[in-house]
């Protein structure tokens, strides 16, 4: 056993030619590069997706067709502070926590369609320019 420990001791010693600070620089650069890769490939996209999901949950309104994390699809019948009542069938309504909504399938448009311009109005616009 003593032979094994004595065989590993030279491997643990600092390099003979330089000081300890010089050998730390490549190690720190490597750790910095690994952290940067993790940040740009894992942490940043996750934060971006979380913000998008939060915006989607805040934008929920009555009449939107939604899908829950369980795969249930329906139309929002009512919205409370932290829950949503989804109408699944004519007589079936289910209450979910807001965070259980995974996607908005179809957004209810409250806006009326814009009035189409007639040929006469278009001609007047071009003449005014």
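The values are calculated or read from the model by the stated rules, or taken from the named source; none is laboratory data. Nothing here was measured: the structure is a model prediction, and the numbers come from that model. Note that we place each Cβ from the backbone using ideal geometry, even for glycine, and neighbour counts take in every protein chain shown.
Just a few scattered comments:
- So residue 103, is it under 18 Å from the mean Cα position of the chain (by Cα) and at pLDDT below 95: yes
- The one condition in (1) modelled with pLDDT under 95; (2) not in a loop (DSSP other than H, G, I, E, B) that residue 114 fails to fulfil: (2)
- Exactly one residue among 129, 124 is at pLDDT below 60, farther than 24 Å from residue 52 by Cβ and surrounded by 11 or more Cβ atoms within 10 Å (Cβ to Cβ), and that residue is 124.
- Only listed residue being touching a strand residue (DSSP E or B) at 6+ places or on another chain (Cβ under 8 Å) and surrounded by 10 or more Cβ atoms within 10 Å (Cβ to Cβ), chosen from 34, 75: 75
- For the range 59-93, a tally of residues being assigned to a loop (DSSP other than H, G, I, E, B) and either farther than 21 Å from residue 109 by Cβ or in contact with a helix residue (DSSP H, G or I) (Cβ under 9 Å, 6 or more places away or on another chain) (or both) returns 13.
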